[in-house]
Amino acid sequence: MNYIGSKYKLSEFINTTIRSVVGKDLSDKIFCDIFAGTGIVGTNFKNAVKKIIANDFEYYSYVLNKNYIENHTQIPDKEKYIEILNGIKPIEGFVYNNYCLGGGSGRQYFSDDNGKKIDAIRQQIEQWKKDNEITDGLYYFLLASLIESADKVANTASVYGAFLKHLKRTAQKELIVEPAEYAINDNEHKVYNEDSNLLIKKIEGDILYLDPPYNARQYGANYHLLNTIALYDNFTPKGKTGLRNYKKSSYCSKSSVKKSFEELIKEAKFKYVFLSYNNEGLMSVDDVKSIMSKYGKYDLATINYQRYRADKEENRNHKASKTQEYLHVLVKN
């Protein structure tokens, strides 16, 4: 997925830094990714640690992590179900009616054909669950596969804060559900869909990895349509972009971020805490250092990398932007 703040390109830096602090052998460690997003970091540590705890307040992220993190054994016949979904007859449902031009909403997040196919697939997955034909593991595998495949044919420049006036080339392609394959191992893992500052009071482990929102952009708004596909509930979309109601994160507010961050650090029952942040964040390096230093030994690792920003032109053009990424380190007292 083309995801804001994705740590895919920084995986090696994060992995190397964590192992330099904790040790190369993590096999007896519990690793928590409490702002998990698409699950990239948790997935990278899944086969290295005893247990992954993953969490995200956004429901689409919960679905992705239920598949990529919590699923850890082979699911029989999952390819058969993917094949059935790809051959399904399109129908006019919630997505088509509210997010495709043919539905009369004036919105064009998907082509008419793809919107109908998303509706048909989403309803079929839910019917299988209702009829107890599929396990929870298969349910989240299929749902994650749909979310990621739908994202590939979305008619946006990057996020879902706006749609494009004309269907771009990739949005004209037919939606094909590609399987969201996950890592197989012997360990059980746990995924939550909670407020991180509340969840931190109920969990404990060894390594806590933090990747909170770092600026004012709310994920609930930027990825509202992925939440809508994941939840597939009935509501009245608002405004030109068809927004749903969403909870705003305190980490996206200059007035509340430091208080929320310190509460999280204070409550964390983990020896090692790592915070990914960058030089464009609402908290400065000194802000973070001041807070983390109260609770143990603090250190800082940095890396310069070139990330890409998608603009709002019809064909996705990318503008290079040099960013300094920080990995703040705390060994708690």
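Please treat every number below as a calculation from the coordinates, not as lab data. What you are looking at is a predicted structure, and each value in this text was computed from that prediction instead of being measured. Positions of Cβ are backbone-derived with ideal geometry, glycine not excepted, and every protein chain shown enters the neighbour counts.
Some notes on this structure:
- Percent of beta bridges antiparallel (DSSP, the chain, rounded to nearest 5): 60 percent
- Taken over the range 120-247, lysine pairs spaced eight or more positions apart, or on distinct chains, with alpha carbons under 17 Å apart number 7.
- Counting other Cβ atoms within 10 Å as a rough exposure proxy, the listed residues Ile118, Ile229, Ile184, Ile303 run Ile184, Ile303, Ile229, Ile118 from fewest neighbours to most.
- Lys pairs, the range 5-84 - Cα-Cα below 21 angstrom, 8 or more residues apart or on other chains: 18
- Partner aspartates and glutamates for Lys266 [C-alpha distance under 13 Å; skip if fewer than 8 residues away on the same chain]: Glu204
- Spacing of the two label points (7 Å from each Cα toward its C-beta) at Gln74 and Asn304, in nm: 4.9 nm
- Comparing Met283, Val331, Ser249 along the charge dipole axis of the chain, the residue lying farthest to the positive side is Met283, per the Cβ-charge model.
- Shape category assigned to the range 100-220 from the gyration tensor of Cα positions, a/c cut at 1.5: oblate
- Computed extension gain for Glu133 through Lys248, at 0.36 nm per residue and net of the alpha carbon distance, reaches 37.8 nm.
- Once the chain from Ser11 to Val331 is taken as fully extended at 0.36 nm per residue, the excess over their C-alpha distance is 113.1 nm.
- For the pair Val21 and Glu174, a Förster radius of 45 Å applied to the C-beta separation gives a FRET efficiency near 0.45, rounded to the nearest 0.05.
- Residues in the range 98-127 reached by a label modelled at Thr236 [backbone nitrogen below 20 Å; 7 Å Cα→Cβ]: 98-100, 103-107
- Nearest-0.05 FRET efficiency for Lys259 and Thr323, computed from C-beta distance (R0 41 Å): 0.95
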